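Accompanying notes for the structure given below.
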Amino acid sequence: MTAAPPALLISRDGAVLHIRFNRPERLNALDPEMHEQVIDTLRAAATDPAVRTVAFSGEGRAFCAGENLAGGGRAVPERLRPRMVPLEIGSGPVLLHEVTTAIRNWPGPVVALLHGHALGAGYDYATSCDFRVVTEDCRLGDPRVHRALWAAEGWSYKITRLLAAGYTTKLHLLGEPLTGAEAYRIGLAHRLYPAGSDLRIIAGEFVQRLAALPAEAYAATKAAMLGELDRRWPVP
Amino acid sequence: MTAEILAERDGGILRLTLARPEAGNALTYPMMTALTAHLAAAGDGPEVRCVVVCGQGADFCTGESPLAEERGAWPAALAHRRPGGAHGAAPLPEQVLVRTLRALPKPVIAVVQGRALGLGLDIACACDIRLVAADASFGDPRVTQGRHAATGITYVLPRLIGLSQAMRLSLLGEQIDGAEAERIGLAYRAVPPAELEAEAGKLAQTVAAMATRSYAVIKQQIREQLDLPYEMALLHSLAVRQTNVIEDRAEGQRAFAEKRAPRYTGR
């Protein structure tokens, strides 16, 4: 019997750290161990001066179609239980809070390369990054309302600041995903490429450009912008 | 209650119609009182799954009735809060209406044809979903009339469509059509005028069949987190989640497992 392939493929390309979801047979649906590993990887990368940018992407047909709900809910390893909140079904989203907050607060540029599906937890990851690169046919959104679910990881804070509350009608209340082309048109995505593009190649120059930005100035500007979203004018 | 607000129930859909078409559905105090009362009642219990707010005739709503003598009786419930003085009545009945609409724990669709101006814009923006005719017109003429809005639109609009477009509407008093409203994210969708009613009916049916309590919780998260800092917003989400146990969730799980469409009850 061979060991299961790793759920995350982590590799370096110059100053870019690639974190690639590797569960293509289930459209990269995420489970708690994957969140945990992303948190640990980001923490280590934050103190590694050779890493200046993190890029998330997905192996196979999709970036990420959501959380792994198959097999009667999420099996949570004992060591992660303190980081989950017991709820009426399955387990709570504290770990998802942790990982999306770790992405949001990572000091350097973080970019999501989105193709196929970026739904549910995949959408949460994508909207926590600084930049989104999409293929025009990518489906981006939060269909949880159709399952009588909702997420508690902070999209309701983020999307109203990234865009404006008007877009929550389609995305969250009606649970209608956007295409990559629509996401680009309304400003949610920053680069748009044709369907079928290999984003790691075609957007390679953009990602390398992020890695070349002055790290300290970037970190200070990002921290100021995120902090000042919550502050009142005049800024002290 | 006044005959100028029509309330019709069809299954889980409550349709509230502003019915003063000869005056562009400009609202009188009795209309505001009746609309508020119907909305408050719709919020209770599981029966109403979706509220549709619309206008009879050519317009959605052109504001409050411009002539004080046409506005009718000040709401009895607010009698003790009617200030005297030279600058006329305070916009309390308007505020109570907008507040009730905005916080309603049910899906609310504004179906907009013709004009949605001033208080009409406030009402449309307090709904969750704006389905509009492509030739409808949206705007806030109050600034050009030397008045200012005190119904929360200066809070809502920058958050709904961003400060840049909000300033265009509220400060320039510019009117935009339905297609433009869709482009800037104010309208969910603009449709050809002849198709508005049919599209509205379909949308209301779709929404009324959704897991409407999940919908209400999502709406609460969006609304209340507009004013919360990031970390507080995360805690708010958890608190909202922990205090809402939703029966439809089990049906959602069963339907997913059985690969069929769910049959939600709104409980």
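Since every read-out is calculated from the coordinates, none of them should be taken as a lab result. Bear in mind the structure is a predicted one, so any value in this text is a computation, not a measurement. We place every Cβ from the backbone using ideal geometry, glycine too, and count neighbours over all the protein chains shown.
Cβ-to-Cβ counts within 10 Å put A:TRP233, B:TRP74, A:TRP150 in ascending order as A:TRP233, B:TRP74, A:TRP150, the fewest first. The smallest convex shape that holds all Cα atoms of segment B:17-104, its convex hull, gives 101 Å³ per residue.
With the biggest extent put first, the Cα atoms of segment B:107-211 measure 42, 29, 20 Å across the principal axes.
Among residues other than B:ARG9 with Cβ under 10 Å from its Cβ, the summed charge is -2 (Lys and Arg +1, Asp and Glu -1). Per residue, the convex hull spanned by the alpha carbons of the protein assembly as shown comes to 170 Å³. Note on segment B:1-159: Cα-Cα pairs beyond 26 Å make up 21% of the total pair count.
When both segment B:211-243 and segment A:116-166 are represented by their alpha-carbon centers, they are found 15 Å apart. For segment A:115-236, the equivalent ellipsoid derived from the Cα gyration tensor has semi-axes of 24, 22, 11 Å, listed largest first. Normalised Debye scattering of chain A at q = 0.09, 0.12, 0.17 Å⁻¹ gives log10 I(q)/I(0) of -0.36, -0.66, -1.38, counting only Cα atoms as equal scatterers and leaving out solvent. Cross-link pairs exceeding 18 Å in C-alpha to C-alpha distance, out of B:LYS106/B:LYS259; B:LYS106/B:LYS219; A:LYS158/B:LYS219; A:LYS170/A:LYS222; A:LYS222/B:LYS219, comprise B:LYS106/B:LYS259; A:LYS170/A:LYS222; A:LYS222/B:LYS219. Per-residue Cβ neighbour counts within 10 Å put A:ASP142, B:ASP248 in the sequence B:ASP248, A:ASP142, beginning with the fewest. Each 5 Å bin from zero holds the following percent of Cα-Cα pairs in segment A:165-236: 3, 12, 13, 15, 16, 19, 15, 6, 2, 0. The eigenvalues of the Cα gyration tensor, multiplied by 5 and square-rooted, give chain B an equivalent ellipsoid with semi-axes of 31, 21, 20 Å from largest to smallest. A compact globular protein would have a Cα radius of gyration near 2.2 N^0.38 Å; the ratio found for segment B:212-257 is 1.32.
Simple point charges give the picture: +1 on the Cβ of Lys and Arg, -1 on the Cβ of Asp and Glu, and for the protein assembly as shown a dipole about the Cα centre of about 680 debye. In the protein assembly as shown, the DSSP-assigned H stretches of four residues or longer account for a calculated mean residue ellipticity at 222 nm of -11000 deg cm²/dmol, using -39500 (n - 2.57) per stretch and the full residue count as denominator. Note on B:247-254: average number of Cβ atoms from other chains within 10 Å of each residue's Cβ is 4. Protection proxy ranking of A:16-26, A:185-195, B:208-218, by the mean of other Cβ atoms within 10 Å over each peptide's residues and highest first, is B:208-218, A:16-26, A:185-195. Counting, for every residue in B:154-161, the Cβ atoms of other protein chains within 10 Å of its Cβ and taking the mean gives 3. Across peptide A:221-230, the average count of Cβ atoms from other chains found within 10 Å of a residue's Cβ is 1. Pairs of Cα atoms in segment A:102-171 fall into 5 Å distance bins, from 0 up to the last occupied one, in shares of 4, 16, 26, 28, 19, 7, 1, 0 percent. Among B:LYS259, B:LYS106, A:LYS222, sorting on how many other beta-carbon atoms sit within 10 Å of each Cβ, with the fewest leading, yields B:LYS259, A:LYS222, B:LYS106. Here segment B:76-121 is described by how far its Cα atoms reach on the three principal axes: 37, 27, 14 Å, from widest to narrowest.
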